[in-house]
Amino acid sequence: MAAGEPGAVEDGDRKGGLRAALGGLTTRGRAFLAAGVAAAVCAYVLGQSDLLRVGLLLAVLPLVCVTVLYRTRYRVTATRRLSPSRVPAGSEARVHLRMDNVSRLPTGLLMLQDRVPYVLGPRPRFVLDRVEAGGRREVSYRVRSDLRGRYPLGPLQLRLSDPFGMCELTRSFSAYDTLVVIPRTVPLPALRLAGEASGYGDGRQRSLALAGEDDIIPRGYRHGDDLRRVHWRSTARHGELMVRREEQPQRARCTVLLDTRQVAYQGAGPDSAFEWAVSGAASALVHMLERGFAVRLLTDDGNVVPGEGAGGFAGSTQESADSAGLMLDTLAVVGHSGGGGLARAHDVLRGGNEGLLIAFFGDLDEEQAAVAARMRQRAGAAVAFVLDSSAWAGDEPGAAGAGKRLRQLREAGWLAVAVEPGAELTALWQLVGRMRTDTQSAGSGGPTGFAGGWS
């Protein structure tokens, strides 16, 4: 029997030889073999030829089954399809398996088994009846995980048995697939911040490439450009067709900062403070991408996702769609960092005004709160969700210290809110909107606005 998947056919057990096939004897086969040997010994001692024939029959039958099964050459291919291949934590995915008998002989009874991690559920097993030559069988099963991560599915195994149940041999396929379990995301309500930065919507701003006849910045002609945009003076100067640049919409930028420091969180598991922060970051970046923002994911150790383009932000709509998947895949496997501070993230933001900054912080000591306060100077608007991990872990919350850090961020211009155990991000998101409205009504100074709006 040859077991394999398209492009990778393997007969793994044949490599082990007949000795490996003998290891596939079932309890029944071993019992027959032992009984046959015992009967043969007794027949020799007692001089009973009839008992000897019975013993030989009992001993030879399982050996014959092993030999026939070992030499059986079925050609079977398999394919696996995940639907979908990326699911939020707590949601189900369906795995579809298809078996094709590409040989000219029908198969016997087959048991199909797929290897899956324990966290996804029990290992699926299927019994397939005789598959005719050129026939096909399709089965499916569901997997579900409450823990984010990347989980391998496979390799697929086929177990072949003889009609007498004396021997079972296993053939392994070579390929496997990966199920990505991303953090849970929640839909967020529409908010608007008014201010000075540019973006889409009512607050959009267009960057002009030409300011006047004497201040033209042309570019080379490209196939499909309107000939009415040809700038003849520049064409004569450069010796090739040059066209005027059109107004280009400047996409509003948003940086989602996730604090992953191990010292900033206590506890573990789906209901821990760190998992809430990861889920919140995923929800925020998906929301901002849906609203037309160029979004990037930044961690405390300075890593930027997607990391390509100007400042690490995605450019076109297609790039944003690809970047969303890349950032969610990153959040699916993100873990604690060994760093103790936010200095590297601050260095990334030091380059200039990066638009909107949404941060998810764990515990902040006085030094790290000061670093976070300085980050506010590099953003057009800044929102912080601060988690007291000791309260999330069930210990006595450090109310005094946490409240002091929160006030320190607010004084620096952050719209900072405390995240209580079990808090809903949607409610906190609305609270941020009310804080912005109260700040504007009070006439407080400071660049707390953001012109692109959150919609």
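The values are calculated or read from the model by the stated rules, or taken from the named source; none is laboratory data. Predicted model only: the values in this text are computed from it and were never measured. Reconstructed Cβ throughout: ideal geometry from the backbone, glycine too, with neighbour counts over all protein chains shown. Ligands, DNA and RNA are excluded from the accessible area calculation, which covers all protein heavy atoms including side chains. Shrake-Rupley method; radii C 1.70, N 1.55, O 1.52, S 1.80 Å.
A few points about this structure:
- Neighbour net charge for residue 276 - beta-carbon separation under 13 angstrom, K R +1, D E -1: -4
- Each Lys or Arg adds one and each Asp or Glu takes one away; over the other residues whose Cβ falls under 12 Å from the Cβ of residue 299, this sums to 0.
- Neighbour net charge for residue 120 - beta-carbon separation under 11 angstrom, K R +1, D E -1: +1
- The stretch 253-294: C-alpha gyration tensor shape, a/c 1.5 cut-off, then a/b vs b/c: oblate
- Listed residues 33, 109 arranged by accessible area, highest first, probe 1.4 Å: 109, 33
- With all protein chains modelled, accessible area of residue 437 [1.4 Å, Å²]: 60 Å²
- Loop trypsin sites (Lys or Arg not before Pro), the stretch 129-190 (other Cβ atoms within 10 Å of the site Cβ: 13 or fewer; DSSP): 130
- Prolate/oblate/rounded label for the stretch 327-385 (Cα gyration tensor, a/c 1.5): oblate
- A Förster radius of 45 Å combined with the Cβ-Cβ distance from residue 57 to residue 113 puts the calculated FRET efficiency at roughly 0.85.
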